[in-house]
1. Hey, could you pull the Cα Rg and Dmax for region 1-136, both in Å?
2. What fraction of the DSSP beta bridges in region 95-196 is antiparallel, stated in percent and rounded to the nearest 5?
3. Round to the nearest 0.05 the FRET efficiency obtained for ASP117 and VAL93 when R0 = 30 Å and r is the Cβ-Cβ distance.
4. In deg cm²/dmol and to the nearest 500, what is the mean residue ellipticity at 222 nm of the chain if only DSSP H runs of at least 4 residues count, each as -39500 (n - 2.57), divided by the residue total?
5. Using +1 at the Cβ of each Lys and Arg and -1 at the Cβ of each Asp and Glu in region 94-250, identify which of SER188, SER133, LEU238 lies farthest towards the dipole's positive end.
6. Can you check what the net charge comes to around LYS169, using other residues whose Cβ is under 12 Å from the Cβ of LYS169 (Lys, Arg +1; Asp, Glu -1)?
7. Which net charge results for the neighbourhood of LYS280, defined as the other residues with beta-carbon distances under 12 angstrom from its beta-carbon, given Lys and Arg at +1 and Asp and Glu at -1?
8. Return the loop-located chymotrypsin sites (Phe, Trp or Tyr not before Pro) in region 248-297 (DSSP other than H, G, I, E, B) with at most 16 other Cβ atoms within 10 Å of their own Cβ; answer none if there are none.
Amino acid sequence: YTDVAADNSDSIDITINAQDSKWINAWMPEKGASLIPDILGKDWEKDGDSRKIRCGSFVLDNVEYADAPTTMQMGGVSKPSDSDFSELERETVWKNTSIKRIGKTIAARYGLGFSYDAEDYDITCDEQDGTDSSYYNQLCKYYGLVLKVFASKLWVYDREAYKEKKEVKTFRRSDIEPGSFQYSTTISGTFTGGHFSYSDPDTDKDIECSVGGGKRTKNVSRRATSVQDAAVQLCAELNNANHGNTSIRFTTDGEWAVSASDCIKISGYGKLDGKYFVDKITHQVSKSGFVSKFECS
C-alpha cells in the first residue's frame, strides 16, 4: 500500500495464491471493482494488542494471472479511474468563483466527497483545457495547495501550513532498519527569490512583482488578478521548487500511526536530526513480515 502526500493518488498491489480455481471462475475480479483493503496486526507488541491501517477505497484497474506457481496480482488506485475524471478533455471557462468552489463542483461530478483545509483564493476568470484531474491539480499547485485523492474523496490542503504542524512521532536511530537510512541535500533546482509578470486585466499594463532576492531567482509569467494574487502564486512556485531539496529515506518495522502529510522527527544522526515532512510511505506485507518505507523532506 503506497500512501502519498501529493500529486498522485494512493495505490494498492496485492498478490494472491490463486490455486483455487474459483479465482478464474466465480471469484474472477472485474476491472472497475472496488477494493477496500485494511492492514491488520494481531498481538503486535503483546497479547491482545490489535492494530489496523485503513488504506481507503480503490478502483481495481489491473489484473494479472500466472500459472505454475498459480498467482493473481491485483492493482488499484484511489482516483476514480473508472470515470472521466482523468480521461475526458474539457474546455471550460470558470468565472467569478474560487479554488474551493471549483473543487466542490468537480468532486460532485463523480460522486466524490470533498475536503478543503487551506485558505481559499478567488478565481475571477480561468480557462480549463484538459481533464478535470490535470486541470484542478495544476490550479491548486499555482497557489501552493496540494490535491490528493483518498477514500473516494478529493482532499486539498496547504503543504507549507502542514509542515508547521507538530511532529506525530520521533524515530530514533535504533528504530530504523540498519543500512536503510539515506540522506541527501542539494541547491540544484532551488531558488532564493523570483519575479512574476502579468498583464493587468483592467488597464492592460504589464506589472511585475518580486519576492526574495539573491542569485538564484525564478521567473514566472501567467495570469494574475492583482499584485497580491501574483505574490501568492510566486511564493507557491518557490515553495514547490524548494520542497525536497533536503530529503531522507529509511525503513522501519510496520508503522501504524504515521501517514503521508504528517511531520516526524529524526534522532540519533547528528546534524541530520530534526523535523521532516512525510512525502510517501510504502507499506509492504509479506511472508517475511510487515515493513514501512519512508520518503521525507
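The values are calculated or read from the model by the stated rules, or taken from the named source; none is laboratory data. Source: prediction; values computed, not measured. Every residue, glycine among them, receives a Cβ derived from its backbone with ideal geometry; neighbour counts consider all protein chains shown. Quick note on the areas: whole protein, heavy atoms, side chains included, nothing else; ligands and nucleic acids left out. Shrake-Rupley method; radii C 1.70, N 1.55, O 1.52, S 1.80 Å.
1. Calculated on Cα positions, Rg and Dmax stand at 19.8, 60 Å.
2. Rounded to the nearest five, the antiparallel share is 60 percent.
3. 0.65
4. Working: 4 runs with 42 residues, N = 297.
Result for the chain, helices only: -4000 deg cm²/dmol.
5. SER188
6. Once positives and negatives cancel, what remains is 0.
7. Values: positive: LYS148, ARG249, LYS293; negative: ASP3, ASP7, ASP10, ASP262, ASP279, GLU295.
Combined, the nearby Lys, Arg, Asp and Glu give -3.
8. On the way: sites: PHE250, TRP256, TYR269, TYR276, PHE277, PHE290, PHE294; in loops: TRP256, TYR269.
The qualifying sites are TRP256, TYR269.
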